[in-house]
Amino acid sequence: MAGPFRLVAGGSQIDRARPVRFTFDGRPVSGYAGDTIAAALLGAGVSVVGRSLKFHRPRGVLSAGVEEPNALVTLGSGARRTPSVRATVEPIADGLEVRSQNAWPSLDFDLGRINDLVHGLYPAGFYNKTFIWPNWHTFEAAIRHMAGLGVAADAPDPDRYEWRNAHCDVLVVGAGLAGRLAAALAAQVGARVLLVEGAATLDGEWNPPPGVHVSLHTTAVGVYDHGLVTAIETRTGATLRSEATPPRVRQRWWRIRAKQVVLATGAFEQPLAFAFNDRPGIMLADAARRYLQRHGVAIGGRVAVATNNDSAYRVAFDLRAAGIEVPCLLDTRTAPDVALLERARGAGIEVHSGARIDHTWGDRRIAGLEFTRESRGGGGPTRVRCDALAMSGGWNPVAHLYCQAGGKLRFDPHAACLVPDGRLDALHAVGAAAAQFELHAALAHVRDTLDRVLAALGRPAPTEVPQWAQVPPGAPPGATGALGDAGPARRNRAWVDFQHDATVADIDLSVRENLVSVEHVKRYTTAGMSIDQGKTANLNVLAILAAQTSRSMAEVGTTTFRPPFVPVTLGAIAGGRNGRFYRPMRLLPAHAAHAALGAHFDDYGGWQRPACYPASGATMAQSIAREVRAVRSAVGLFEATPLGKFLVRGTDAAEFLNRIYANTQRTLEPGRVRYGIMLNEQGVIIDDGVCARLAADEFWVNTTGAGAARIGAWFEEWLQGEWPGLQVVTTDVTSAWATLTLAGPRAREVLAALPCDIDLGREAFPHMHVRSGHICGVPCRILRVSFSGELSYEISVPADRGHSLWNVLLAAGRPFGIVPYGIESLLTMRIEKGYLHVGSETDGTSIPDDIGFGTPVAKKTGEFVGRRSLSLPEHSRADRLQLVGLRCTGEPAAFTAGAHLVEQVSGEGPAQSCGYLTSACHSPTLDQHLGLGLLRRGRARIGATVQVMHGGVRTQALVVAPAHYDPTGARLDG
Amino acid sequence: MMQIPCPCCGQRDETEFSYGGESHIARPPADCSDSDWADYLYFRDNRKGVQAERWRHARGCGLWFNVLRDTATHRIVQVYPITAPRPAAPEGAG
């Protein structure tokens, strides 16, 4: 079972009794339960796992964690295909399909590698400098095809995602020793603790104490306002499989509210910048050690080590102890710690101090390296054969979440890293995340910090330290050597961002081109962008930039850290709010009846409403024409429930509405209905509708269907904030009442056929009146208002009676030829009648005079919202857009809403727009294309002809008054 | 995401509330100049720091109220009734 690099023993995290088989680019690979994909591939001797973005260079595993820039693979197939998954984090599973990315035709032979042979042609800013003639769009399609890593699935995601809201006293991020100690100490004094860990398994044995909830495979990715922390959990065992696998919850999106957050996120080891530091087999030193200890995997048989700090010595000793050859340890520092040198000598490891790698070779795997020594007669270049290289460029705290929360970093010159400044109230970095790199000191730092965290929660300091956290003091680490120290030669082959193929020379170039801000350099070179987000590609860039511009690290600063810390599946953020559950669907009370009648439903302002009722085989246009003709000639039934309905009650109700509406409402008598428009303080129309006075102190106010919630808030803002002295209560009763509209010349006869205690006589109940009573024994409120232009009764009954009333009215209307009609038919009729729809015939600049409503507003005495603005000079300009009717008189004999109205044009050149068509339809009644539009000086141009342009097609229209049909309103009374 | 203490319902997530703009904008009398009226309509301090603003618990009790909020840090300094004047010297105001 063991591959060529799998040792016969060792591996704290794997279960050798449970082999796991998966495929990599179609070839079978075996590993053990507990392996990540990267560990299994390394164990099987697979050195090349992907190709780089720009130069398509072969790349191997660099790290053993979330910071991986090279080993990004595609998992699964079909609808479950997921690109750019980190092989260093994802566990293997039987049958898992793993594919490499960015190689064509294959990982072994990639044509894109030609970019590498001509790499000199691809400096930083290459695209910006090259693809400029005639313009970028000429090249965009081809470049987009080449760019990017991996391909997203193109079918709907079959899996489910869910949200989880969590609350705790202390959130601990990271379950290393520091995180475990923090969690244990907080739980010891009774705090509720949530511990999240990105890895799928804990390293070693640990039983969390009571009070600590541990969530593995859960990576905290964002910190937001007021301390909200988000995390992404991939459910163990839910690794992507074939398309046949049934759907299940794949990931959870955590939203965590914690009173205090402890970041035990550790530190990322940084790569060294030297020429050809990107070959497969070159790995971060501690990753080599982790694969050895946790997976029993040797990254090579002859592993050279290169470092600028003490930590890689431990790696060399461990490799040596496992029987692996270590041909050399190259330390960039001229005087490493004497004790370490002594120990290395004892282990038989040859240390070269002041040594810098100048070159490496080997194609599919490093085969050797060449280094020179800085001083003491080191002689010429020395060549060393090796099949792997473990490198360490120092350690940098994982401070992403700290910075997202607004925390600042300071540069620690001894450890050569960026350290959280410790000045946030509710977010604290501990251990290695606070640059405490020696274990005893790190754990002491955790204890000190937890005393403060728990004091902030009003809890006592913990007194017991778990036995596993009691470690003897170790030697303090020596100073870390220079960062980003690439040497003078081949800087264009020394990588600082492996994923993006950004090199030291790219940083040099951007400085030469006068980009000195770290944010500019990042964007110009793309170093640290995309998947890296400052994990392994940041520190070296900052150091090179500092050196090149003769500034300190503090002066250079850092780039901004933004969520998410690792890529997050969009599906997880959406959670259950997907498809049918995207938002609550509002159904009409008589929905089932509409469905039974074959309604064509559509979404109108969140409501599922019948657009029309197509008979078998009829198109929508044919159905609309049939319904309109039926209403105009006989009678139709329409469900108008979404119409906004408010009860406005109180002794000052009339005064309130008089101030809210732009036209007078105070004089409205009980039993009567009046049309009104509302303005905002800018004088612009925000809503219209009718207002019915039920009693001296009670009004029934209709708003537009889409405006109901907005106008409800508007009423309350004025009542609560501006006029608290008015005795008024407003209640949104929109969904409490079902509203059915009976319209057409025979509407009165239909209603009269039903038991109703309201006198429906032409004189007893005229147009624009309201009556309350009972229909079929059910309480009802009937308004004689009309949006179709026909005799019309708007009947409201308690919502739960809407369905039965619909059926009763339809049955009663049968002898009169009743048809149900949908909203598209109603909209067609209102265009024929020239009735405006706020939001179609008005925009964010429309005032009452623009829509022909200037006179009632001008005649009004007393204050109302928006009054002062109507006298601003802009509002009395002669060339304002005014509402007019338009009849299509040209060829083609049709036009669509949104078309521009232009002057009569002669010759060539751009035509000047003088307005636009706001609504348009084919009128079944007049058999012509009709519309409404906003036209400059429109009212003065009635009788003139304008050009109508849309999508390159031009026709013409006659300007008419808005009411195309029955302008005198003779039909309103039936 | 911010958490806002509704004076009626207590601490709730920001998504339950709607924003109503800067508060205490004095409306000039109707006979003011056009320029003063335009200032009232369109010009706001947009300050970095503690700002008084209107919020409504739109998906809750419907109450409009005032909030003193630091626009740089999103710290909620104080909430108070919609008709009350801006508190004299709130902590951290400026």
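From the list A:Asp25, A:Asp35, which residue is at negative phi and of a type in the set (D, E, K, R)?
On the way: A:Asp25 fails: at negative phi.
Sole residue among the options that is at negative phi and of a type in the set (D, E, K, R): A:Asp35.
Just a yes or no: is a residue in segment A:456-466 modelled with pLDDT of 95 or more, touching an Asp or Glu at 6+ places or on another chain (Cβ under 7 Å), surrounded by fewer than 22 Cβ atoms within 10 Å (Cβ to Cβ) and of a type outside the set (S, T, N, Q)?
Checking segment A:456-466: at least one residue is modelled with pLDDT of 95 or more, touching an Asp or Glu at 6+ places or on another chain (Cβ under 7 Å), surrounded by fewer than 22 Cβ atoms within 10 Å (Cβ to Cβ) and of a type outside the set (S, T, N, Q).
If you take just the strands (runs of 3 or more DSSP E) that sit entirely in segment A:629-740, which of them hold at least 3 residues that are over 35 Å from the mean Cα position of the chain (by Cα), touching a residue at least 60 places away in the same chain (Cβ under 8 Å) and more than 14 Å from chain B (Cβ to nearest Cβ)? Even if it seems obvious, please write down each step before you answer.
Working: elements: A:636-639, A:644-649, A:673-679, A:685-695, A:698-703, A:729-732.
It comes to A:636-639, A:644-649, A:673-679, A:685-695.
For segment A:310-346, enumerate the residues that are of a type in the set (A, V, I, L, M) and under 23 Å from A:His295 (Cα atoms). Before the answer, list the steps.
Initial filter on segment A:310-346 (of a type in the set (A, V, I, L, M)): A:312, A:315-316, A:319, A:321-322, A:324, A:326, A:329-330, A:335, A:338-341, A:344.
Passing the criteria: A:Ala312, A:Val315, A:Ala316, A:Leu319, A:Ala321, A:Ala322, A:Ile324, A:Val326.
Being open to solvent by less than 60 Å² (accessible area, probe 1.4 Å), touching a Cys at 6+ places or on another chain (Cβ under 8 Å) and part of a strand (DSSP E or B) narrows it down to one of A:Val959, A:Val948, so name that one. So that I can check it myself, show each step before the final result.
Values: A:Val959 fails: touching a Cys at 6+ places or on another chain (Cβ under 8 Å).
Checking each option against the conditions leaves just A:Val948.
Which residues, taken from segment A:417-455, are over 23 Å from A:Gly190 (Cβ atoms), surrounded by 23 or more Cβ atoms within 10 Å (Cβ to Cβ) and among the aliphatic types (A, V, I, L, M)?
The answer is A:Leu418, A:Ala429, A:Ala432, A:Ala433, A:Ala434, A:Ala435, A:Ala442.
Applying the selection to segment A:493-527, what residues are open to solvent by 20 Å² or more (accessible area, probe 1.4 Å) and under 19 Å from A:Leu149 (Cα atoms)?
Result: A:His500, A:Arg523, A:Thr526.
Looking at (1) in a helix (DSSP H, G or I); (2) surrounded by 15 or more Cβ atoms within 10 Å (Cβ to Cβ); (3) more than 14 Å from every other protein chain (Cβ to nearest Cβ), which is the one condition that is false for A:Pro815?
The number of the failed condition is (2).
Out of curiosity, is A:Arg746 among the basic types (Lys, Arg), surrounded by 19 or more Cβ atoms within 10 Å (Cβ to Cβ), farther than 30 Å from A:Asp850 by Cβ and touching a strand residue (DSSP E or B) at 6+ places or on another chain (Cβ under 7 Å)? Outline the logic, then answer.
On the way: among the basic types (Lys, Arg): yes; surrounded by 19 or more Cβ atoms within 10 Å (Cβ to Cβ): yes; farther than 30 Å from A:Asp850 by Cβ: yes; touching a strand residue (DSSP E or B) at 6+ places or on another chain (Cβ under 7 Å): no.
When the stated conditions are applied, A:Arg746 does not pass them.
Going by what's in this entry, would A:Arg160 be described as over 30 Å from A:Val49 (Cα atoms), open to solvent by 50 Å² or more (accessible area, probe 1.4 Å), at pLDDT 70 or above and in contact with a Lys or Arg (Cβ under 9 Å, 6 or more places away or on another chain)?
It is false that A:Arg160 is over 30 Å from A:Val49 (Cα atoms), open to solvent by 50 Å² or more (accessible area, probe 1.4 Å), at pLDDT 70 or above and in contact with a Lys or Arg (Cβ under 9 Å, 6 or more places away or on another chain).
Got at least one residue in segment A:854-867 being touching a Gly at 6+ places or on another chain (Cβ under 9 Å), under 25 Å from A:Gly605 (Cα atoms) and not in a loop (DSSP other than H, G, I, E, B)?
Within segment A:854-867 (the criterion being touching a Gly at 6+ places or on another chain (Cβ under 9 Å), under 25 Å from A:Gly605 (Cα atoms) and not in a loop (DSSP other than H, G, I, E, B)), the answer is no, since none of the residues qualifies.
Taking segment A:554-607 as the region of interest, how many residues are of a type in the set (A, V, I, L, M), without any contact (Cβ under 8 Å) to a residue 12 or more places away in the chain and under 30 Å from A:Ala153 (Cβ atoms)? If you could, list the steps in order and put the result at the bottom.
First, pick out the residues of segment A:554-607 that are of a type in the set (A, V, I, L, M): A:554, A:556, A:566, A:568, A:570, A:572-574, A:585, A:587-588, A:590, A:592-593, A:595-597, A:599.
If we keep only those that are without any contact (Cβ under 8 Å) to a residue 12 or more places away in the chain as well, we get A:570, A:595-596.
From the residues that got through so far, the ones that are under 30 Å from A:Ala153 (Cβ atoms) too are A:570.
Total satisfying the criteria: 1.
Please verify whether B:Ala88 is facing chain A (nearest Cβ under 10 Å) and part of a loop (DSSP other than H, G, I, E, B), treating the condition exactly as stated. Write out each step before concluding.
Working: facing chain A (nearest Cβ under 10 Å): no; part of a loop (DSSP other than H, G, I, E, B): yes.
Criteria not met by B:Ala88.
Quick one: is A:Val465 under 29 Å from A:Val229 (Cα atoms), outside any loop (DSSP other than H, G, I, E, B) and not basic (Lys, Arg)? Walk me through it before giving the result.
Values: under 29 Å from A:Val229 (Cα atoms): yes; outside any loop (DSSP other than H, G, I, E, B): no; not basic (Lys, Arg): yes.
Judged against the criteria, A:Val465 is not a match.
Considering only segment A:870-884, I want to know if a residue exists there that is touching a residue at least 12 places away in the same chain (Cβ under 8 Å), touching a Pro at 6+ places or on another chain (Cβ under 9 Å), under 30 Å from A:Glu627 (Cα atoms) and open to solvent by less than 40 Å² (accessible area, probe 1.4 Å). Explain how you work it out, then say what you get.
Going through segment A:870-884, the residues touching a residue at least 12 places away in the same chain (Cβ under 8 Å) turn out to be A:870, A:872, A:875, A:878-884.
Those still in the list that are touching a Pro at 6+ places or on another chain (Cβ under 9 Å) too: A:870, A:883-884.
From what is left, the residues that are under 30 Å from A:Glu627 (Cα atoms) are A:883-884.
Next cut, open to solvent by less than 40 Å² (accessible area, probe 1.4 Å) only: A:883-884.
Yes: one or more hits.
Return the residues of segment B:18-41 that are in contact (Cβ under 8 Å) with a residue 24 or more places away in the chain and either in a loop (DSSP other than H, G, I, E, B) or more than 8 Å from chain A (Cβ to nearest Cβ) (or both); say none if nothing qualifies.
We begin by selecting, within segment B:18-41, every residue in contact (Cβ under 8 Å) with a residue 24 or more places away in the chain; these are B:18-24.
B:Tyr19, B:Gly21, B:Glu22, B:Ser23, B:His24, listed by residue number.
Looking for something hydrophobic (A, V, I, L, M, F, W, C), closer than 30 Å to B:Asp36 by Cα and surrounded by 15 or more Cβ atoms within 10 Å (Cβ to Cβ) - is there at least one such residue anywhere in segment A:890-907? I'd like the intermediate steps shown before the answer.
Narrowing segment A:890-907 to residues hydrophobic (A, V, I, L, M, F, W, C): A:893-895, A:897, A:899, A:901-902, A:905.
Filter again for closer than 30 Å to B:Asp36 by Cα, leaving none.
No, because not a single residue in segment A:890-907 is hydrophobic (A, V, I, L, M, F, W, C), closer than 30 Å to B:Asp36 by Cα and surrounded by 15 or more Cβ atoms within 10 Å (Cβ to Cβ).
For A:Ser30, indicate whether it is open to solvent by 10 Å² or more (accessible area, probe 1.4 Å), outside any loop (DSSP other than H, G, I, E, B) and at positive phi. If you could, list the steps in order and put the result at the bottom.
Working: open to solvent by 10 Å² or more (accessible area, probe 1.4 Å): yes; outside any loop (DSSP other than H, G, I, E, B): yes; at positive phi: no.
Taking the combined requirement at face value, the residue does not satisfy it.
Can you tell me which of A:Arg762, A:Arg771 is of a type in the set (D, E, K, R), away from chain B (no Cβ under 14 Å) and outside any loop (DSSP other than H, G, I, E, B)?
None of the other options fit; the residue is A:Arg771.
Tell me whether segment B:42-65 contains one or more residues that are more than 24 Å from A:Ile711 (Cα to Cα), at pLDDT 95 or above and within 11 Å of chain A (Cβ to nearest Cβ).
no
Please go through segment A:255-280 and give me each residue that is among the acidic types (Asp, Glu) and part of a loop (DSSP other than H, G, I, E, B), ordered by number. Lay out the reasoning, then the answer.
Of the residues in segment A:255-280, the ones among the acidic types (Asp, Glu) are A:269, A:278.
Hit for segment A:255-280 is A:Asp278, nothing else.
Among the residues of segment A:276-291, which ones are on the phi < 0 side of the Ramachandran plot and out of contact with any Asp or Glu (no Cβ under 6 Å at 6 or more places or on another chain)? Show your work before the answer.
Here is the first cut: in segment A:276-291, the residues on the phi < 0 side of the Ramachandran plot are A:277-280, A:282-291.
Correct list: A:Asn277, A:Asp278, A:Arg279, A:Pro280, A:Ile282, A:Met283, A:Ala285, A:Ala287, A:Ala288, A:Arg290, A:Tyr291.
Scan segment A:217-230 and report the pairs whose first residue is free of Cβ contacts under 8 Å to residues at least 24 places away in the same chain and at the interface with chain B (Cβ under 7 Å from one of its Cβ atoms) and whose second residue is among the polar types (S, T, N, Q) and open to solvent by 10 Å² or more (accessible area, probe 1.4 Å), with Cβ atoms within less than 7 Å and a gap of 6+ or a chain change.
If the second residue must be among the polar types (S, T, N, Q) and open to solvent by 10 Å² or more (accessible area, probe 1.4 Å), the pairs left are A:His226/B:Gln3.
Can you name the residue in segment A:34-56 that is open to solvent by less than 10 Å² (accessible area, probe 1.4 Å) and in a loop (DSSP other than H, G, I, E, B) and is also farthest from A:Arg99 (Cα to Cα) among such residues? Let's see the steps before the verdict.
Taking segment A:34-56 as the starting set, the residues that turn out to be open to solvent by less than 10 Å² (accessible area, probe 1.4 Å) are A:35, A:37-41, A:43, A:48-50, A:52, A:55.
From what's left, in a loop (DSSP other than H, G, I, E, B): A:35, A:48-49, A:52, A:55.
On the way: A:Asp35: 17, A:Val48: 12, A:Val49: 9, A:Ser52: 15, A:Phe55: 19 Å.
Among those that are open to solvent by less than 10 Å² (accessible area, probe 1.4 Å) and in a loop (DSSP other than H, G, I, E, B), it is A:Phe55.
Any residue that is outside any strand (DSSP E or B), within 14 Å of chain B (Cβ to nearest Cβ) and either free of Cβ contacts under 8 Å to residues at least 12 places away in the same chain or among the acidic types (Asp, Glu) (or both) - is there at least one of those in segment A:908-926?
Looking for residues that are outside any strand (DSSP E or B), within 14 Å of chain B (Cβ to nearest Cβ) and either free of Cβ contacts under 8 Å to residues at least 12 places away in the same chain or among the acidic types (Asp, Glu) (or both), one finds none in segment A:908-926, hence no.
Could you count how many residues in segment A:333-364 are touching a Gly at 6+ places or on another chain (Cβ under 7 Å) and open to solvent by 50 Å² or more (accessible area, probe 1.4 Å)?
4
Report yes if A:Arg887 is charged (D, E, K, R), assigned to a helix (DSSP H, G or I) and either more than 14 Å from every other protein chain (Cβ to nearest Cβ) or under 22 Å from B:Asp31 (Cα atoms) (or both), otherwise no. Walk me through it before giving the result.
On the way: charged (D, E, K, R): yes; assigned to a helix (DSSP H, G or I): no; either more than 14 Å from every other protein chain (Cβ to nearest Cβ) or under 22 Å from B:Asp31 (Cα atoms) (or both): yes.
No; evaluated as a whole, the condition is false for this residue.
The values are calculated or read from the model by the stated rules, or taken from the named source; none is laboratory data. All of these numbers come straight from a predicted model, not from anything done at the bench. All Cβ positions, glycine included, derive from the backbone under ideal geometry; neighbour counts span all protein chains shown. Note: areas computed on protein heavy atoms with side chains; ligands, DNA, RNA excluded. Shrake-Rupley method; radii C 1.70, N 1.55, O 1.52, S 1.80 Å.
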